[in-house]
Amino acid sequence: MFNNLKILFHQGKQYIPDVTKVDVPGIFRGRPIITAAKVDEEMLINLCPLQAITGSPVSIDLGKCNFCGECAFAFPEKVSFTKDYKLSSNQREGLIIKEGATKTISLNADVIRKEISQLFSRSLKLRQISAGGDNSCELELNACSNVNFDMGRFGIEFVASPRHADGIVITGPISENMAEAVQICYDATPDPKIVILAGVDAISGGIFADSPALNRSFLDKYNIDLYVPGNPVHPLTFINGVLELIRKRKNN
């Protein structure tokens, strides 16, 4: 019985009626808040092995952050993590949380290609590529389709072949051995297509960022439509990011 209660505390109820408004139970760490409190910035910056924290003023790059929470443990008066899971951005700089910022993260409608909302707002098929990942993000993306989150109710599904896909979702830092496979999968996906980076490894290389075993040249050649941070990505973060991408339209 204790184990069942522990699962209920961490995971909540099995089915989520509205994935856009649900409160995340348990120990989830979402969007950080950085106060104006004075701390030893050098010590704070050096805490992060992924170099996600910079100073003057202090900021946290969610594209590099692994959400370990060490910065908040060491400097609770400076950094705290909310349970806000809507972390996705369609601009790389949109993932940088600055000192004093309290606004939620949202997509910039002006840079969303018009064919995305025109063609994919009711149905979106995605091919997921594990490009040297550790299977953590891959497992969470699989969970997007389970009974808890039921991503398929929005017409968003993962498919087995890029020939049947509207876009690709890359997880992992893109190792040298997977670089060609990523390119082949991208080329096999019909135009127009979406490119999504899911997880810290895909967005920045993560802890492997400076490794000679990586080949991330693919990312320099193509437009990235959505960055979904996390280590691993939470299903709610992924689903809400994709929904905002395919539903959001320019005001004019």
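The values are calculated or read from the model by the stated rules, or taken from the named source; none is laboratory data. If you're wondering where the values come from, they're calculated on a predicted model, not measured in any experiment. Cβ atoms come from the backbone with ideal geometry, glycine included; neighbour counts cover every protein chain shown.
Filtered by the rule that a residue be surrounded by 15 or more Cβ atoms within 10 Å (Cβ to Cβ) and either more than 15 Å from Leu95 (Cβ to Cβ) or within 20 Å of the chain's Cα centre (by Cα) (or both), region 52-64 gives Ala52, Ile53, Val58, Ser59, Ile60, Asp61, Leu62, Gly63, Lys64. Taken together, the residues in region 177-199 that are over 23 Å from Arg92 (Cβ atoms) and assigned to a helix (DSSP H, G or I) amount to 6. Going through (1) in contact with a Pro (Cβ under 9 Å, 6 or more places away or on another chain); (2) in a strand (DSSP E or B) one by one, Phe9 falls short only on (2). Among residues belonging to region 220-252 that are touching a residue at least 12 places away in the same chain (Cβ under 8 Å) and surrounded by fewer than 16 Cβ atoms within 10 Å (Cβ to Cβ), point out the one that is farthest from Ala179 (Cα to Cα). Taking the candidates together, the pick is Asn251.
A count restricted to region 195-214 and to residues that are surrounded by fewer than 18 Cβ atoms within 10 Å (Cβ to Cβ) and over 18 Å from the mean Cα position of the chain (by Cα) stands at 4. Take the conditions (1) loosely packed, with under 15 Cβ neighbours inside 10 Å; (2) of a type in the set (A, V, I, L, M, F, W, C); (3) at pLDDT 95 or above; Val147 misses just one of them, which is (3). Could you list all residues from region 121-142 that are farther than 23 Å from Asn90 by Cβ and in contact (Cβ under 8 Å) with a residue 24 or more places away in the chain? Passing the criteria: Gly132, Asp134, Ser136, Leu139.
Restrict the check to region 42-57 and report whether at least one residue is closer than 30 Å to Arg153 by Cα, among the aliphatic types (A, V, I, L, M) and either touching a residue at least 40 places away in the same chain (Cβ under 8 Å) or touching a strand residue (DSSP E or B) at 6+ places or on another chain (Cβ under 6 Å) (or both). No, that holds for no residue. Quick one: would you say Ala202 is in a helix (DSSP H, G or I), modelled with pLDDT of 95 or more and over 30 Å from Val58 (Cβ atoms)? No: the conditions fail for Ala202. Being within 19 Å of Gly155 (Cα to Cα) and either buried (at least 16 other Cβ atoms within 10 Å of the Cβ) or of a type in the set (Gly, Ala, Ser) (or both) is the filter here; which residues of region 101-127 pass it? Correct list: Ile116, Ser117, Phe120, Ser121, Ser123, Leu124, Lys125, Leu126, Arg127.
The rows are residues; the columns are (1) among the polar types (S, T, N, Q); (2) in contact with an Asp or Glu (Cβ under 7 Å, 6 or more places away or on another chain).
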position: His10; (1), (2): no, no
position: Ala37; (1), (2): no, yes
position: Met43; (1), (2): no, no
position: Ser59; (1), (2): yes, yes
position: Ser89; (1), (2): yes, no
position: Arg92; (1), (2): no, no
position: Thr102; (1), (2): yes, no
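From Phe9, Phe73, Phe67, which residue is within 25 Å of Ala143 (Cβ to Cβ), surrounded by fewer than 18 Cβ atoms within 10 Å (Cβ to Cβ) and not charged (D, E, K, R)?
Going through Phe9, Phe73, Phe67 in turn, the sole match is Phe9.
Just one of the listed residues (Ile16, Ile27) is surrounded by 15 or more Cβ atoms within 10 Å (Cβ to Cβ) and closer than 25 Å to Ile105 by Cα, and it is Ile16. Within this structure, Asp84 fails the test of being part of a loop (DSSP other than H, G, I, E, B), touching a residue at least 60 places away in the same chain (Cβ under 8 Å) and closer than 23 Å to Asp150 by Cα.
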